[in-house]
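What follows is a short report on a single structure.
The values are calculated or read from the model by the stated rules, or taken from the named source; none is laboratory data. What you see is a predicted model, and the numbers here were worked out from it, not measured in a lab. Don't worry about glycine lacking a Cβ; one is built from the backbone with ideal geometry, like all the others, and counts go over all protein chains shown.
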Amino acid sequence: MKKLPVYLLLTAISIVMLYPLLWLIGASFKTNSEIFSSVWFMPEHISFDAYIKGWQTVTPHTMGYYFLNTFKIVIPKTVFAVCSSVVVAYGFARFDFPLKKFFFALLIGSMLMPQIAVLMPSYMMWSDFFGFNFLDTYVPLIMPSLFACEGMFVFILVQFFSGVPKEFDEAARIDGCGTLRTLVLVLAPCIRPAIISIAVFSFLWTMNDFLSPLIYIQSVEKYTLSLALRLSVDSTGQGYEQNKIIAMSVIGLIPSIAVFALAQKKFINGITAGGLSG
């Protein structure tokens, strides 16, 4: 009973934090006129018309087509970002090489640089990359992840690698493991929560990215889900169907919520734990 006030307070805060999401889901079943007539999230009459219209979009393609386009970017980018970040972090945490501190400081400095600052030079680079024009392709969105472009991921992994005793490396070498096998078979399992955390971050950020695809993708057939959603907003000059846009947003949230729900335990461990967690 002494903890009852604390639980009531936490419950109230949770309701306040979750209510916008509940309202979003409820509004997707409302009519356009009903959406702005009440702040209550429950609709008077449940209708799936908004979902049917939203799935069809305003283009010849359905949302399933744009989901596929999005996953063509999200899956390889997440895999490449995780693998490259693990390798680079392993190098910083376990090896000594010339100008190590300088390069690590440069990496940390890249975390402070806003993305908007590099959009124009990146656009110019990909428009003439050794004589090739990669605009209107997925290459500019995927290829940078091969080179550990997310400094935050490397920084997180370096801290976890530093928390793993170096005796593990020595024991692995005695058993005949080389550098790569030591990383894959011994160290990577020890920092599994951190790896899952950066994978979830990469998935969510790429799934919700709007600016980068807007800059590099020009063909509607190659649009991602976020661009297709924005296209639906601008589809008419006389306004748009709010419930349809909300329904499309709810559908677009499903992969992100599913991934976070599946990886929730390891994700939280990776954010809050340090050292050995595997």
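Among the residues of the range 63-105, the one identified as among the aromatic types (F, W, Y) and within 12 Å of the chain's Cα centre (by Cα) is F71. Look at A50 and say whether it is at pLDDT 90 or above and surrounded by 11 or more Cβ atoms within 10 Å (Cβ to Cβ). For A50, the condition - at pLDDT 90 or above and surrounded by 11 or more Cβ atoms within 10 Å (Cβ to Cβ) - is not met. Residues satisfying the criterion are absent from the range 40-50 (criterion: within 30 Å of S145 (Cα to Cα) and touching a residue at least 40 places away in the same chain (Cβ under 8 Å)). Selection of the range 93-116 for residues being aromatic (F, W, Y) and either surrounded by 10 or more Cβ atoms within 10 Å (Cβ to Cβ) or closer than 24 Å to L187 by Cβ (or both) yields F95, F97, F103, F104.
Checking each residue in the range 12-40 for being more than 28 Å from the chain's Cα centre (by Cα) and either in a helix (DSSP H, G or I) or of a type outside the set (V, I, T) (or both) picks out A12, K30, N32, S33, E34, I35, F36, S37, S38, W40.
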